[in-house]
Every structure is written in structure tokens, then in C-alpha cells.
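The values are calculated or read from the model by the stated rules, or taken from the named source; none is laboratory data. Predicted model, so just to flag it, every value in this text is computed and none were measured. So basically every Cβ, Gly included, is an ideal-geometry build from the backbone, and we count neighbours across all protein chains shown.
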Amino acid sequence: MIEQKEKSLHDLREMMKRQPTADDMKMLSNYEATVKQKNRQMKAMAAELNMYQAQVTLSLFKISFFNFLIRSMNISMRMTG
């Protein structure tokens, strides 16, 4: 009977070792706050990246359009000149 109680006590102590301490909980809370902050930053950076990609696409379109105009002007100058 004593051996059984000692075993139960030993098992209980082992289980308690696996439970997070107050320091562990505080550290986890800090990690959670850090992860939330990093997620917000990442979403903001993704939105900023999308904006820059749209600007690049618009700039490339403008370059293509101006190249077309220059070629058109060169062709019309050759025909008239």
C-alpha cells in the first residue's frame, strides 16, 4: 500500500514537472504578443508590396505606350520625309 502511494506521488510529481510554470506562461504570452505584432507588420508589408507592384505594372505600361508612340512617329516621319 505504501509502495502504491509512493508510486502515485512519483507520478503526480512527474505530471507537475510537465505543467508550465508562471514564468513559462509569461514567456508564452510574450511570444504570442510578438507573433501578433509580426503578423500585423507582415500584412502591412504585403499591402505595401502590392502597391509597389501596381506602380511597376503601370510604369511598364507607360513605357510600352511611349515606345509605341515613338515608333509611330518614326514611321510617319519616314513616310513624309
Exception for residue 32 within (1) over 33 Å from the mean Cα position of the chain (by Cα); (2) acidic (Asp, Glu); (3) modelled with pLDDT of 95 or more falls at (1)
Scanning region 13-24 for residues that are assigned to a helix (DSSP H, G or I) and either in contact (Cβ under 8 Å) with a residue 24 or more places away in the chain or surrounded by 10 or more Cβ atoms within 10 Å (Cβ to Cβ) (or both) gives 24
